[in-house]
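> Sending over a structure as structure tokens; questions will come in a sec.
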Amino acid sequence: MSLATDIIEQVLSFIRSPEPERFEELLLRVYRNQYSSVLAYKTFCEHLKRTPRTVETIDDVPLVSTVAFKYADFSPASLLPNAQACEFTTSGTTVGRDRRGRHVVPYSEVYRTSALAHLRTMLFPDRVRTRMLSLHPAADLMPESSLSAMITWCMDEFGAGEHIFAADRLRVDTESATDFLRETEKNGEPVCILGTTAAFAALFDCLADRPAHLSPGSRMMDTGGAKGQAVPLTSKEVVALASRRLGIAPDKVINEYGMTELCSQLYDATEFNSPGVAVPGEDRVKIAPPWMRPAVVDPVTMRRVPDGAVGMLAFYDLANVGSVSAIVTEDIGIVSGNRVRVLGRAASGGARGCALSISAFSAERGA
């Protein structure tokens, strides 16, 4: 059975005009369609004895670990070829030889709509269009990267004037990036910079002797990712260095929380995008979009725990309509409504429930 077209349209409509009171109803509808159309997920649900006959609330919907994307194919069984389909792979640690998480997104328009809608709220709440600098490769150079897709869409949607991608698969072109920033500094033009933490670390090093002083409307999105750094920068250090080396106000330095397995992202709440939410002196919380519901679950039982308790972060993401919408991560955190505080990664030996949850998929891809 293929993915129902009407479900895709309902999710797109919800993202464009959210109705929070309808979230659970739509999520359960998406779950039933995914149970019918995604063979690996159906097998998993039956293994847990949680099927459409027994799943009555969102808390009953079986959560799939992000680790399981390394073992199973979560694309619809009868997916027809279409120009929108994308296949993204994780850049994180592999399992076995060259095994990476794989997420097939059958209809990239849903991912694009989700990404741009929340970016508009969290990175461009002032509706200012800026010149854009990416410290990450473009989508045509790195088509397997969901981050490349998102950054390319962002630059096309919110950019004004010339923008550049100062990176390829092997390195960040800090010389081109610095030249670009000097030009915008000279012309008094605001600029938006997008990149991983490691890429920003390289840029900050190049600006150590001669910092830039960008226009007050400038901003940046730090997507995390410390690969290649001997001593990774913390998010607080990124904010401080962005102020010292680029002249970007702290409330316009926005950290993103996202992953290949999810089509929606969360962003830091600051006075720039969420007045009254951020508390001075406290660690930042991240805001989920209305079409995603964050939760915390017990790592052994995989059952939801009350808001405010510490546990494994999980997400019910309507934008994941084309694969599996109920995802549990390897991250520890605290949730309060749509606000998430990420505390760190789970110890590899501690997430017993997650290990059990992926065992049903291990044989499928020859683990």
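The values are calculated or read from the model by the stated rules, or taken from the named source; none is laboratory data. Quick caveat, the model's predicted, so the values are computed rather than measured. Positions of Cβ are generated from backbone atoms using ideal geometry, with glycine treated the same way; all protein chains shown enter the neighbour counts.
> Hey, can you tell me all the residues within the stretch 148-194 that are out of contact with any helix residue (DSSP H, G or I) (no Cβ under 8 Å at 6 or more places or on another chain) and polar (S, T, N, Q)?
SER148, THR152, SER176, THR184, ASN187
> Then there is this: For the stretch 225-284, how many residues meet the condition of being among the hydrophobic types (A, V, I, L, M, F, W, C), free of Cβ contacts under 8 Å to residues at least 40 places away in the same chain and outside the structural domain of VAL172 (by TED's automatic domain parsing)?
So the answer is 2.
> Something else now. Every residue in the stretch 1-33 that is touching a Leu at 6+ places or on another chain (Cβ under 8 Å), within 20 Å of ALA68 (Cα to Cα) and not β-branched (Val, Ile, Thr), please.
ASN33
> Now for a separate question. Among the residues of the stretch 167-207, write down those that are of a type in the set (A, V, I, L, M), modelled with pLDDT of 95 or more and assigned to a loop (DSSP other than H, G, I, E, B).
Correct list: LEU207 only.
Residue-wise test of (1) among the basic types (Lys, Arg); (2) touching a Pro at 6+ places or on another chain (Cβ under 7 Å); (3) over 27 Å from SER264 (Cα atoms); (4) outside the structural domain of GLY258 (by TED's automatic domain parsing).
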| residue | (1), (2), (3), (4) |
| --- | --- |
| ALA138 | no, no, no, no |
| GLU144 | no, no, no, no |
| ILE151 | no, no, no, no |
| ALA167 | no, yes, no, no |
| GLU175 | no, no, yes, no |
| THR178 | no, no, yes, no |
